[in-house]
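Reading through the structure tokens given below for one structure.
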Amino acid sequence: MNTGPRGSFRYLDHTADVGIVVTAPTLGVLFETAAFALTELITNIDDLTLKVERQIQLEEDEIETLLVSWLQELLYLLDTEQLVFGRF
């Protein structure tokens with residue numbers, strides 16, 4: 001299964017957490033790559049078995065806020081439903 005993002009990312013050391021720098025050719029790929037990078041912090045995506053498909057709809061006034069909400073929603077689904085996604 002080819003689950004790799006179409007963009008690129010790298011992790012940054014941070015005193016309180018971890019930072020992720022994402023580069024992508026389009027906004028959609030940026031969101032996909034950011035989600036991939038977040039999930040790779042939790043587990044190896046290639047080890048996942050894809051069983052569940054979920055549609056997520058979010059609205060925010062700014063792109064930066066939308067990206068944060070997107071990643072927070074993925075973490076929320078992990079915390080509340082033990083869902084980890086391998087494709088975005």
Item to complete: Mind computing the radius of gyration and Dmax over the alpha-carbon atoms of the chain? Å is fine for both.
Response: 12.8, 36
Item to complete: Give, as a single signed number, the net charge of other residues whose beta carbon lies under 12 Å from the beta carbon of E32, with Lys and Arg counted +1 and Asp and Glu -1.
Response: +2
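Scale the Cα Rg of the stretch 49-88 by the rule-of-thumb value 2.2 N^0.38 Å and send over the ratio, two decimals.
1.24
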Worksheet item: Using alpha-carbon pairs under 8 Å, 6+ residues apart, how would you state the relative contact order of the stretch 6-88 in percent?
Response: 26
Discussion item. Suppose all protein chains stay in the model; what accessible area per residue would a 1.4 Å probe give for the chain, in Å²?
Written reply: 72
Worksheet item: Where does the charge balance sit around D46 when Lys and Arg score +1, Asp and Glu -1, over other residues with C-beta under 14 Å from its C-beta?
Response: -1
Worksheet, complete the sentence: Across the alpha-carbon set of the stretch 1-50, Rg over Rh with Rh taken as the Kirkwood radius works out to 0.99
Fill in: Where T65, T49 fall by accessible area, highest first, once all protein chains stay in place (1.4 Å)
T49, T65
Practice prompt. Using a 1.4 angstrom probe on heavy atoms only, work out the carbon and sulfur share of the accessible area of the chain in %.
Written response: 48
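The values are calculated or read from the model by the stated rules, or taken from the named source; none is laboratory data. Quick caveat, the model's predicted, so the values are computed rather than measured. Neighbour counts run over all protein chains shown; Cβ positions are idealised from the backbone, glycine included. Accessible surface is based on the protein model in full, side chains and every heavy atom, while ligands, DNA and RNA are left aside. Shrake-Rupley method; radii C 1.70, N 1.55, O 1.52, S 1.80 Å.
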